[in-house]
Amino acid sequence: MNAITAVFYRDYRQRITNAGFLLWYLLVPLAYLLLFGLGFALLLGGELTVAVQHIGYTAFLLPGILAMVTFTVALNTSWGFFMDKDSGIFYELLTFPITRQQLLIGKIGFNVLVSVIGSLLAIAVAVFAMGVEIRFDLLPVTALAVVGTTAGWFFLFGIFAIRLNRMDSFNTLTSAAYILLMFLSTMFYPLDGLPAWFRAASLLNPMTWQVDLLRFSLLGTGDPSVLVMEAVAFTIFSAICLALAVHALNRVA
Amino acid sequence: MNAIEIDDLHKIYRSKTGTVHALGGVSFQVPQGMIYGLLGPNGAGKSTLVRILSTITSPTSGRATVLGCDVVRQPLATRRQLVVVLQHTASENLLTVRDNLLIYAYLHGVGPSAARQRMNSVVEEFELGALLRTTVQELSDGTKRRIQVAKIFMLDSPLMILDEATTGMDPLMKRRVLDRLRAEARKGRTILLTTQVLSEAEELCESIMILNKGRAMASGTLQELRALSTQMFRVSLTFADSAAGLVDRLQTLSPSDLQVNGRSVEMVFQGEEASLLGKLADISRDVPIVQFEVRGPTLEEIFLSLVEKAK
């Protein structure tokens with residue numbers, strides 16, 4: 001069996017042992033969408049202007065919800081390294097005839113599917129229950145963005161999950177990263193009117209690049225020249241994280 | 001081509017608490033089809049050597065090859081040549097025994113039908129049939145170890161590395177594994193075994209290296225190691241009766257080990273055999289000896305003697 005398929009199958013078998021966990025993955029973004037979407041839409045009472053387009057808050061939030069799905073799935077997949085370390089299988093895996101890249105790509109493979117399903121669910125709820133209008137013609141781009149960004153976040157968190165020996169250190173670090181990346185981005189609000197330092201930091205945040213790309217593919221908003229740069233930047237960010245995660249796997253003591 | 005070639009291998013671990021020289025210039029070769037034993041106390045460097053050979057970690061300097069593949073420059077090609085049982089238990093705790101066996105084979109490139117076919121024979125040999133659908137986390141440590149060892153027989157890799165693999169196994173299963181390893185070596189597979197159970201190495205290994213503090217103290221066949229321990233021998237005696245003061249008289253001979261069980265005595269000596277025999281003859285005038293046997297040292301005695309000398 002092909003190495004990536006074998007790792008994919010392994011993760012699939014592990015994940016389906018805990019259906020509740022899978023369900024949690026899928027329901028949390030929906031809860032965010034319903035609670036934040038309805039709550040803030042009522043609070044703000046009107047429309048937001050994004051790149052000269054007027055859109056409702058629920059529509060504005062939807063790409064952020066998809067980013068949240070990819071982020072959560074990536075985080076939990078990288079957390080699996082700790083389970084592998086606990087069971088001792090982590091070190092045994094490193095002796096198998098598969099490259100470190102194949103191990104990482106195979107590991108995120110099944111979870112990318114979860115990400116895509118979670119995203120489709122969120123889109124379906126937004127469209128059919130909350131009246132959000134999306135660009136159906138760009139759905140393949142959305143799917144591609146979800147797949148690519150889930151992998152990118154997983155490679156980032158994988159570095160820390162491989163290198164850190166303590167699960168509590170990992171949880172502290174990722175919780176801090178979660179808050180910083182989410183709130184220092186365009187996930188919940190547009191950057192217009194925010195302080196200059198905040199906007200500068202947001203523009204350097206991969207979460208902003210991801211949300212902007214998803215917002216374009218779902219709603220058709222954004223400046224094409226900026227979006228291309230953001231897509232390239234996220235790809236480079238993912239490639240660097242993959243290289244560092246491979247390096248970390250090669251340096252396991 | 002040798003199955004394993006190790007040349008002046010060094011491994012230094014650096015941490016906040018200091019520097020540890022886990023391996024300090026180890027060299028050896030293992031011909032194909034041989035069962036080779038690595039012995040040593042805790043911290044000797046055996047597991048580090050296993051981790052380098054199985055490409056989990058890199059050496060600080062020196063060279064190691066597995067069937068011609070350099071472990072640093074050709075890690076993937078190296079890993080294709082071997083299967084490993086690591087010292088610590090390694091099992092997919094959330095999966096069933098069946099999934100553990102099948103996924104192990106899949107991850108080594110075996111197709112589903114071939115894997116299922118091989119699984120059937122492994123399940124029978126390791127008596128896992130009743131447990132196939134049980135999740136591994138529900139099993140005892142000994143059974144987890146049995147599954148870990150059973151997994152390597154799902155494959156036909158030319159090199160098998162076992163790092164204290166029989167630890168925690170029941171004696172019957174241990175015997176079965178040792179017999180199976182011997183059979184695999186007869187088929188031409190090379191086996192590198194690390195163990196602290198010296199009787200196991202004595203029984204199984206054709207060649208042995210004794211490591212201590214990251215350095216090779218001795219290596220060779222059991223006979224060659226015995227030759228290193230000249231003037232060391234084991235004496236078994238049976239006296240006609242257990243006379244009072246006999247133990248005290250035996251103690252004056254300064255044995256390195258003395259075991260008395262009624263009229264039977266087991267002693268290990270280091271020194272001139274002729275001189276000892278003379279002294280025993282003196283004792284036998286007072287307490288007759290009805291049975292007498294002198295043998296070479298066991299591997300354990302050689303090992304202890306070498307480690308003691310190194311201290």
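The values are calculated or read from the model by the stated rules, or taken from the named source; none is laboratory data. None of the values given here were measured: they were computed from a predicted structure. Note: ideal-geometry Cβ built from the backbone for every residue, glycine included; neighbour counts use all protein chains shown. Ligands, DNA and RNA are excluded from the accessible area calculation, which covers all protein heavy atoms including side chains. Shrake-Rupley method; radii C 1.70, N 1.55, O 1.52, S 1.80 Å.
Structure above, values below:
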| read-out | value |
| --- | --- |
| Kirkwood Rh and Cα Rg combined as Rg over Rh, evaluated for chain B | 1.07 |
| Sites B:L172 and A:T172, calculated FRET efficiency, Cβ-Cβ separation with R0 45 Å, nearest 0.05 | 0.40 |
| Other-chain or far-sequence residues with amide H under 5 Å of B:L132's (modelled H) | none |
| Accessible surface of the protein assembly as shown [probe 1.4 Å, protein heavy atoms]: carbon and sulfur percent | 58 |
| Minimum 10 Å² accessible area buried by the other protein chains, the range A:94-132 residues, probe 1.4 Å, relative to alone | A:L94, A:T95, A:F96, A:P97, A:I98, A:T99, A:R100 |
| Share, in percent, of DSSP beta bridges within the protein assembly as shown that are antiparallel, nearest 5 | 70 |
| Relative contact order (%) - criterion: Cα under 8 Å, at least six apart; region: chain B | 20 |
| FRET efficiency estimate (nearest 0.05) - Cβ-Cβ, B:R249 to B:V197, R0 51 angstrom | 0.90 |
| Average accessible surface area per residue within the range B:116-216, 1.4 Å rolling probe, Å² | 43 |
| Estimated [θ] at 222 nm from DSSP helical runs (n ≥ 4, -39500 (n - 2.57)) normalised by residues in chain A, nearest 500 | -26000 deg cm²/dmol |
| Cα centroid separation, the range B:194-222 to the range A:3-23 (Å) | 42 |
| Per residue solvent-accessible surface (Å²) - the range A:128-191, probe of 1.4 Å | 49 |
| Once exposed loop trypsin sites (Lys or Arg not before Pro) are cut out (DSSP; at most 11 other Cβ, 10 Å), longest piece of chain A | A:1-165 |
| Interface B:A - total buried accessible surface [probe 1.4 Å, Å², rounded to 100] | 2500 |
| The range B:231-254-the range B:7-45 distance, computed between alpha-carbon centres (Å) | 40 |
| Mean separation of Cα contacts under 8 Å (6+ apart) over length of the range A:3-252, as relative contact order % | 27 |
| Equivalent-ellipsoid semi-axes of chain A, from the Cα gyration tensor, Å, largest first | 32, 19, 17 |
| Pairwise FRET efficiency - B:E273 versus A:T99, Cβ, R0 = 41 Å, nearest 0.05 | 0.10 |
| Nitroxide proxy distance, nm - points 7 Å out along Cα→Cβ at B:H21 and A:H247 | 3.0 |
| Cα-only Debye scattering, the protein assembly as shown: base-10 log of I(q)/I(0) at q = 0.05, 0.06, 0.08 Å⁻¹ | -0.33, -0.44, -0.68 |
| Computed [θ] at 222 nm, deg cm²/dmol, chain B (DSSP H ≥ 4; -39,500 (n - 2.57); rounded to nearest 500) | -10500 deg cm²/dmol |
| Relative contact order (percent, whole number), the range B:72-202, Cα cutoff 8 Å, 6+ residue spacing | 32 |
| Label-point gap, in nm, between A:F183 and B:E308 - each point 7 angstrom along Cα→Cβ | 6.8 |
